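Taking it in order: structure first as structure tokens, then the write-up.
Bear in mind that the values in this text are calculations on the coordinates, not laboratory data. This one's a predicted model, so the numbers in the text were calculated from it and none came from an experiment. Neighbour counts are summed over all protein chains in view; Cβ atoms, including those assigned to glycine, are modelled from backbone coordinates with ideal geometry.
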Amino acid sequence: MRKPVIAANWKMYKTTNEAKNFVKQFKPLVEKNTEVEIVLCVPYTSLESLSEELKNEQIGLGAQNMYPINQGAFTGEISAEMLLNLGIKYVIIGHSERRQIFNETDEFIKQKLEKALVVGLTPILCIGETLEERESGATLTKCKTQIESAIQGVPKENLPKIIIAYEPIWAIGTGKTASPEDAEETIKGIRSIIAEIFDIEAAQKVRIQYGGSVNPENIKDLMSKDNIDGALVGGASLEATSFAQIVNYKG
Ligand SMILES: O=C[C@H](O)COP(=O)(O)O
């Protein structure tokens, strides 16, 4: 049985004070929810103070990126060890914005994924196709390239530690969500790709989220699908009440 995992990705939003206010409002709204693993992936600047605020809470804290080397002359970068030292448990790897805006390659993303696993951070590995790729029927081919490149060679026992976020790029921040049926079909396909690389049993243990314009209105239908194990939420995670409604989708 895979526990649903719903993560907020705040991207480059919220000062530390705004982040603290969010948490103050959010905590009581989700305190009774033990069925969903809740994660807040916040800007680096708020990690330390939220780590304090969320001590002893069932809400996990994540970073949105990391550098795969321990330390060195990498101006502006943050290492996995630095995150761990703050009590951070999750890290988003290979978000399409990093792939597209910051030219991150599959190879670099693999290095980050492996580093995260080695130090014990839970990576949220993002994959997904562009509109052009979708319209040309290349959705699964694209996902296959991204997954194979990232997880091939990962020790099988580490596989359940990886969360995959399937995020069709055309659905991110556009208000256009993939229909629950389309998202389910692709995510099922992604699970089959993992099964081809490892085996069915291993693939069944991997949690695969959907991301792309998830909101309080569409979460229930998405989560009703067998293969959808959660969501990575951007815009609708910025308001405590709206993200709480998403997390509490079971009612
Ligand atoms: O990481 C989150 C995704 O990019 C989805 O963003 P969105 O919910 O604003 O479409």
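Points to keep in mind about this one:
Each row is one residue, and each column tells you yes or no for (1) of a type in the set (A, V, I, L, M, F, W, C); (2) within 16 Å of the ligand (Cβ to nearest atom).
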position	(1), (2)
Thr45	no, no
Thr75	no, no
Leu84	yes, no
Gly94	no, yes
Arg99	no, yes
Gly120	no, no
Ser136	no, no
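- In this structure, Val42 does satisfy being surrounded by 22 or more Cβ atoms within 10 Å (Cβ to Cβ) and within 24 Å of Ser213 (Cα to Cα).
- No other residue among Lys89, Lys55, Lys115 is more than 16 Å from the ligand (Cβ to nearest atom) and more than 24 Å from Lys156 (Cα to Cα) apart from Lys55.
- Subset tally (residues that are more than 17 Å from the chain's Cα centre (by Cα), closer than 16 Å to Leu131 by Cα and surrounded by fewer than 15 Cβ atoms within 10 Å (Cβ to Cβ)) for the range 168-212: 4
- Residues within the range 59-110 that are under 29 Å from Leu29 (Cβ atoms) and of a type in the set (Phe, Trp, Tyr), tallied: 1
- Selection over the range 151-195 of residues that are within 11 Å of the ligand (Cβ to nearest atom) and within 24 Å of Thr122 (Cα to Cα) gives a count of 6.
- Of the residues Glu107, Glu133, Glu129, the single one that is over 25 Å from Val233 (Cβ atoms) and acidic (Asp, Glu) is Glu107.
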